[in-house]
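Accompanying notes for the structure given below.
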Amino acid sequence: MRVLVTGGAGYIGSVMVRMLADEGHDVVVLDNLSRGHRRAVGGVDIAVVNLEDLSAVTETCRAFQPEACLHFAARSLVAESVAEPLAYFRTNVGGSLNLVGALLETDCDLMVFSSSAATYGIPEGSPIVEDAETAPINPYGVSKLMFERILKWLSEAGSLSYVSLRYFNAAGADILHDLGEDHDPETHLVPRVIAAALGTEPSVSVYGTDYPTPDGTCVRDYIHILDLARAHLLALDYLSSGGPSAVFNLGNGNGFSVKEVIDVVGRVSGREFDIVNAERREGDPSILVASSELIKSRLAWKPEFADLETIIETAWQWHSRHPDGYG
Ligand SMILES: NC(=O)c1ccc[n+]([C@@H]2O[C@H](COP(=O)([O-])OP(=O)(O)OC[C@H]3O[C@@H](n4cnc5c(N)ncnc54)[C@H](O)[C@@H]3O)[C@@H](O)[C@H]2O)c1
């Protein structure tokens, strides 16, 4: 299948690109390299294009004639979205609209969209199911929900079929292809703790130790990127065999606290490092854990690397080999 992967130079997209290539798909990456890394794309064709440039996006689709699109490209820093909402809506909504318009013009009507747990906002219950209320509390989460709604209406009009995957916290590395997480700035917990263990950061901060959780720190759901990427392959099969549009959570279903993550990094790395207890951050829910029962039953997906040790072990291996990331 000819698959266009937007954001294929980024953390998750690059892992996806290699998995697709290994499965024999014909892949082209569309990425403006604003946050991604050319090295992470390997030998796969890349169009260095900004989603906000309609004519360049259209030209890329016309040249490649994709049969399906996996849409990872986005701005995804929550705090930045609060400071610069316009930029977030321009890229994540405006850019995504450019993309979908160009795809439809070239008769490509299958899309898997990278949505987020941020669409739920501060959820009432745990684990979170797909029909829980969506009440995002920042422009990033709103932008993801807006594009989900656009896809829904396009699907209802018969223009396309889509699967929207609401990821929880992606973590870990693809050791086989030597691909890992290199964001700047890095806001994700696992690489931040590893940076403290490697000594590339002086310490790691724990934001809040008085949450109503067993050890007082926030609880999150970490999903290994290989499990996450595999769900996209299943979603592609599902859509190309006529499956109706759907929204699925994608998490491993187990919650781990900030303290547990820090402890496991300490054990796996064998290093000691400084931990700084800081104030709670505004808008951090105490517990965010996915129910992934729907994707398990509809797509026969199941996580293979659900334990925290394995997730962190792969991340540690990659970061200790690449302390400066892709450089
Ligand atoms: N990493 C996570 O834990 C997580 C959780 C929930 C949702 N998501 C979503 O998954 C997707 C991938 O996340 P990631 O961690 O790999 O992010 P990432 O920042 O590593 O990758 C995003 C890629 O998109 C590209 N990009 C950004 N703006 C662009 C534009 N205007 N035009 C073209 N390319 C552009 C960047 O250069 C980068 O390569 C994003 O949509 C993100 O919102 C990620």
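The values are calculated or read from the model by the stated rules, or taken from the named source; none is laboratory data. Keep in mind it's a predicted model, so treat the numbers as computed, not measured. Reconstructed Cβ throughout: ideal geometry from the backbone, glycine too, with neighbour counts over all protein chains shown. Protein only, heavy atoms only, side chains kept; ligands, DNA and RNA dropped before computing areas. Shrake-Rupley method; radii C 1.70, N 1.55, O 1.52, S 1.80 Å.
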Region 1-26, subset crowded, with 20+ Cβ neighbours inside 10 Å and without any contact (Cβ under 8 Å) to a residue 40 or more places away in the chain, residue nearest to the ligand (Cβ to nearest atom) | ALA9
Quick check, is VAL163 open to solvent by less than 10 Å² (accessible area, probe 1.4 Å) and assigned by TED's automatic domain parsing to the domain that holds VAL289?
-> no
Residues that are in contact with a Gly (Cβ under 9 Å, 6 or more places away or on another chain): which strands (runs of 3 or more DSSP E) entirely in region 210-287 hold 1 or more of them?
-> 219-224, 255-257, 274-278
If you take the residues of region 109-133 that are buried (at least 20 other Cβ atoms within 10 Å of the Cβ) and β-branched (Val, Ile, Thr), which of them is farthest from the ligand (Cβ to nearest atom)?
-> ILE128
For GLY253, which of the numbered conditions (1) at negative phi; (2) open to solvent by 30 Å² or more (accessible area, probe 1.4 Å); (3) touching a residue at least 60 places away in the same chain (Cβ under 8 Å) fails to hold?
-> (1)
Every listed condition ((1) closer than 17 Å to HIS232 by Cα; (2) open to solvent by less than 10 Å² (accessible area, probe 1.4 Å); (3) near the ligand (Cβ under 9 Å from one of its atoms); (4) in contact with a Phe, Trp or Tyr (Cβ under 8 Å, 6 or more places away or on another chain)) holds for VAL29 save (4)
Output the residues belonging to region 78-89 that are modelled with pLDDT of 95 or more and touching a Lys or Arg at 6+ places or on another chain (Cβ under 9 Å).
-> SER81, GLU84, ALA87, TYR88
Counted residues, region 70-84 - those being within 11 Å of the ligand (Cβ to nearest atom) and of a type in the set (Gly, Ala, Ser) | 4
Listed by first then second residue, the pairs whose first member lies in region 32-56 and is over 18 Å from LEU97 (Cβ atoms) and more than 12 Å from the ligand (Cβ to nearest atom), whose partner is in a loop (DSSP other than H, G, I, E, B) and modelled with pLDDT of 95 or more, with beta carbons under 9 Å and at least 6 positions apart or on separate chains, are GLY42/HIS177; VAL44/GLY8
Does GLU67 fit the bill of being closer than 22 Å to ILE150 by Cβ and more than 9 Å from the ligand (Cβ to nearest atom)?
-> yes
(1) open to solvent by less than 80 Å² (accessible area, probe 1.4 Å); (2) at positive phi all hold for ALA300 apart from (1)
